[in-house]
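**Q** To start, I am sharing the structure in question, which I have written as structure tokens.
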Amino acid sequence: MGEQLPSVPGRAQLHSDTLNRPVQTLRVKMVLLGSSGVGKSSLALRFVKNEFRSTSPTIGCAYLTRVVHLSNVSLRFEIWDTAGQEKFHSVTPLYYRGAHAVLLVYDISKRKTFVRAQLWLRELEKHYIPGSTVIWLVGNKEDLAQNRQVSVQEGERLASDRGLFFMETSALSGDQISELLLAVAHRVYECLGTQQGGLSEWEEYPFIDLHHRDTSNPFSSCCKVGP
Amino acid sequence: MERDNHQEGEADGVKICGPTSDGNPPGKSCQRSPYLDQVTRPEAEKTENFECQNSVSGQQSTRGPEDATHDNDQSDSGEFVVTMLAKAKLEEQGIGVEGRSSPLLEAGTLESPALASHRDEDVTADSWRQHRKHVFVLSEAGKPIYSRYGSEEALSSTMGVMMALVSFVQSGDNIIRSVYSEEHTVVFLQKGPLVLVCVSSSRQSERQLRGELLYVYYQIISMLTQASISRIFEHKKNYDLRRLLAGSEKILDGLLNLVDSDPSFLLAAVHCLPLASSLRDSLSQILQKAITPNLVFSILIAKNQLLTIVQEKTVIEDTRLEPADVHLLLNLIGASSAFQAGEIWTPICLPLFNPDCYFYAYISYLDPPECTVCLLLLSTDKEAFYAVAECKRKIEEAMVAQNSLNLIAKVQPYSVSQVGVSDLRHFMYKPFDVPDNFRQLTQFTSPEMEAPYSNEEEKMRLLDLYRYMHSRIHSTSRPLKLIYHVAERETLLAWVTSKFELYTCFSPLVTKACAINAITKLLRWIKKEEDRLFIRYPPKYSTTPNPSKTSRGGKSDQQDSTDNGFLSLL
């Protein structure tokens, strides 16, 4: 995709004369939410390194990045892989505040995690403004389909009732992972990319930029949903 | 030999579950106070009158007379408790093999086989009873919170019995401290609404075991804070704290393994990697330059040991960083492989620094994919992730420019042969604070364990000997300054002065004169190498916009905003 000659949108043209960056790179804050053990870290690891490893429970929040190239823009996903453990719930809003994309993950072989995902959703709905965040319901561990406790239809129904997008994945086998990330990328760019103040631009050398930001709230700078 | 003793001992201990309190071994008479007196008098020191150690005696078994007297004079009461605990276990047979079934963590624990096997252990099996050291944590309502081996559910009635003991003694306005049986020492520690119990056949002193329980308590505090734990239990006495600790068992498991294998915990001191002082200084300077407001500690770690630590000036004027807090941080880093995946941002409490508030820790490895060099930055501002991550980028850049990572990779623990003293096999040296470095982090230095202590079993045996020496030096009833101890396969000499604490291990054929001469040489060598072995003058930086002595007060503001979340969970 990088080979395609990009049709650069207005803002990026300013930068197109800097040699290394023919396309604009926008920052996308994406948060993974869900119960402990549904595979959030495994999904994140797939997104970033396309690897699978058995992981330990995440502590606090892990921050990873991955750049996705679309035809006319690059999106730098800043992935916040949160801990599913309850003790971190009080700080989780810190991580999902101002997210552009939220992946609400459950384990298709554990109904409890699906119920829990709905609680997360309710929590999330208190904080986000429709149109500023793209939410995906992700049924993970699709490889455990023989122990399935949540049907595809149920997932789809919840998603369509609440205006979410839906996909089933397997971090173990890698099934649907890149599809998911690409779909999120397209959707986020479609919904937010062209909006004024929707996505901020990623600076290769955010040195000075960050310096300015430090004085204000670093989270509000990349998103329109304030605290 | 000590090791063999343990195993044999544990085998005996298992028999205790039947009512087989047969015969006290002859020739070991002791004070026979009633059960409660022995178990419960908080300050009563046991069997002082039998403490008859020649500090510089010749041959002597590895088990001192102190131990022997304890074991036997209290065997009756001990057997009673052990029998009771064993009975409780039998009642649980039905649920013994069931794994934990807390809704939130079942999936999480499945993934790690080692973890699963400990959790799924059959608590009625002999192998479960033969573990060298059990640790249990329960709430005052008797609810299980943590068990090192086996699932808490399966152990709920065992923990019920423990709680019964605690409350029975409490009802007599007293506090249960410990129970001794022939093979086991049971130590109780009550901290706020939590009760911690250790059942050990490791022959450690009660004080050492209690110290280890305290580390477990601190680790729990580091995840939840003391204030939120007390608040939770004030609201709901029978709250199931496992809800909040779900997924953290591995951190506690890791801590207990470290406590058993790393002498830092015994010595309450931090082990830093020996490093040419020029390299250490350059690393410190790199950290000193990469700062942002509210950053309080910058710590660089390699191979699980400290490389350097830089501290915020006003914070450190208020209080010092305790070794135990550093141990907890190192354990946290070691316990999670997830750290290797990216950058971590997590609330963490340093219980000795302030048990009621959170710091925000930024953790990242600097040398992926090897992941041996780890940077830890602590901030008081929970919003500071991007700013702190930027510090890391600066540090990384400077380290590349100075080729630091390659230099660090070459750093090795030193060999005892470098000291150049024959017969000296190993040592641990812990200098005490002297006036000019008051506020300094307590450290110790120790060479690598080499043959004959290269395998795990032998390492443990040497550590057990050190623990024994340590317990004699720090005995509350009869502390000693100097011990020359001839064990079966080595000779040990421990010496404590106002300036240092030293434990040395020699080959068995060393003479007393030789050993003392060797120690003189060793001390001279340490003095010479001081700059390399220790972080001499921990550097400082200033990141608070308005330096004042109120840094603690400032932090307490954040406490409210962070841990009130727990109340909503009730």
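The values are calculated or read from the model by the stated rules, or taken from the named source; none is laboratory data. Because the structure is predicted, anything quoted here is derived from the model rather than measured. When we count neighbours, we look across all protein chains shown, and the Cβ atoms used for this are built from the backbone with ideal geometry, even at glycine. Quick note on the areas: whole protein, heavy atoms, side chains included, nothing else; ligands and nucleic acids left out. Shrake-Rupley method; radii C 1.70, N 1.55, O 1.52, S 1.80 Å.
**Q** When a/c is below 1.5 the answer is rounded, else prolate if a/b is larger than b/c, else oblate, so apply that to region B:139-228 with a ≥ b ≥ c taken from the square roots of the Cα gyration tensor eigenvalues.
**A** Rounded is the answer for region B:139-228, as its axis ratio a/c remains below 1.5.
**Q** Let me ask something additional. Give, in whole angstrom and from largest to smallest, the semi-axes √(5λ) of the equivalent ellipsoid of region B:309-410, with λ running over the eigenvalues of the Cα gyration tensor.
**A** For region B:309-410, the ellipsoid semi-axes come out as 24, 15, 14 Å.
**Q** When all protein chains stay in place, what accessible area (Å², nearest 10, 1.4 Å probe) is found for residue B:253?
**A** Probe radius 1.4 Å; accessible area of residue B:253 about 20 Å².
**Q** Okay, next question. Quick one: accessible area per residue over region B:416-533, 1.4 Å probe, rounded to a whole number of Å²? Mind dumping the intermediate values first?
**A** Working: 5220 Å² over 118 residues.
Ligands and nucleic acids excluded, the result is 44 Å² per residue.
**Q** Starting from a Cα-only point model with no solvent, please compute log10 I(q)/I(0) by Debye for region B:416-533 at q = 0.14 1/Å.
**A** -0.59
**Q** If you don't mind, there's one more thing I want to ask. Using a Förster distance of 30 angstrom, determine the FRET efficiency expected from the C-beta separation of residue B:478 and residue B:171, and round it to 0.05. Don't skip to the end; give the middle numbers.
**A** On the way: r = 33 Å, r/R0 = 1.09.
So the FRET efficiency works out to roughly 0.35.
**Q** Sort B:250, B:289, A:141 by heavy-atom solvent-accessible area, probe 1.4 angstrom, most to least.
**A** B:289, B:250, A:141
**Q** How far apart, in nanometres, would the label points at residue A:162 and residue B:285 be if each is projected 7 angstrom from Cα along the Cα-to-Cβ direction?
**A** That separation, rounded to one decimal, is 5.5 nm.
**Q** At each listed q (0.15 Å⁻¹), what is the log10 of I(q)/I(0) that the Debye formula gives for region B:470-512 modelled as equal alpha-carbon point scatterers?
**A** So the normalised log intensities are -0.38.
**Q** Let me ask something else. For region B:416-533, give the percent of accessible area contributed by carbon and sulfur heavy atoms, probe 1.4 Å, rounded to a whole number.
**A** C and S atoms contribute 54 percent here.
**Q** OK, next. Tell me the accessible surface of residue B:432 in square angstrom (1.4 angstrom probe, heavy atoms of protein chains only), to the nearest ten.
**A** Its heavy atoms expose roughly 60 Å² to the probe.
**Q** What shape does region A:49-94 have by the C-alpha gyration tensor, where a ≥ b ≥ c are the square roots of the eigenvalues, rounded means a/c under 1.5, and otherwise prolate means a/b greater than b/c and oblate the rest?
**A** Verdict is oblate for region A:49-94.
**Q** In the P(r) worked out for region B:184-283, what percent of Cα pairs fall beyond 23 Å?
**A** Pairs farther apart than 23 Å: 40 percent.
**Q** Okay, moving on. Sort region A:100-184 into rounded, prolate or oblate with this rule: let a ≥ b ≥ c be the square roots of the eigenvalues of the Cα gyration tensor; rounded if a/c is under 1.5, and if a/c is not under 1.5, prolate when a/b is larger than b/c, oblate otherwise.
**A** Here region A:100-184 falls in the oblate category.
**Q** Taking the Cα centre of region B:416-533 as origin and charging only Cβ (+1 Lys, Arg; -1 Asp, Glu), how large is the dipole, in debye to the nearest 20?
**A** The calculated dipole for region B:416-533 is roughly 480 debye.
**Q** Let me ask something else about it. So for the pair residue A:183, residue B:400, with labels modelled 7 Å out along Cα→Cβ, what separation do we get in nm?
**A** Each label point is offset 7 Å from its Cα along the Cβ direction, giving 3.7 nm.
**Q** When the Cα centres of region A:145-160 and region B:256-305 are compared, how far apart do they sit, in Å?
**A** Distance between centres, Cα-based: 49 Å.
**Q** Can you pull the one-decimal nm distance between simple spin-label points at residue B:517 and residue B:456, each 7 Å off the Cα toward Cβ?
**A** The answer from the label model is 4.0 nm.
**Q** At the nearest 100 Å², what buried accessible area, both sides summed, do you get for B and A when the probe is 1.4 Å? Show your work: numbers first, answer last.
**A** Values: alone 23620 and 11670 Å², together 31580 Å².
Chains B and A together bury approximately 3700 Å².
**Q** Calculate one ³J(HN,Hα) per residue across region A:175-186 by plugging θ = phi - 60° into the Karplus curve 6.51 cos²θ - 1.76 cosθ + 1.60, and present them in order as whole Hz with x for glycine and proline.
**A** Here the 3J(HN,Hα) series is 5, 6, 6, 5, 4, 4, 4, 5, 4, 4, 4, 4 Hz.
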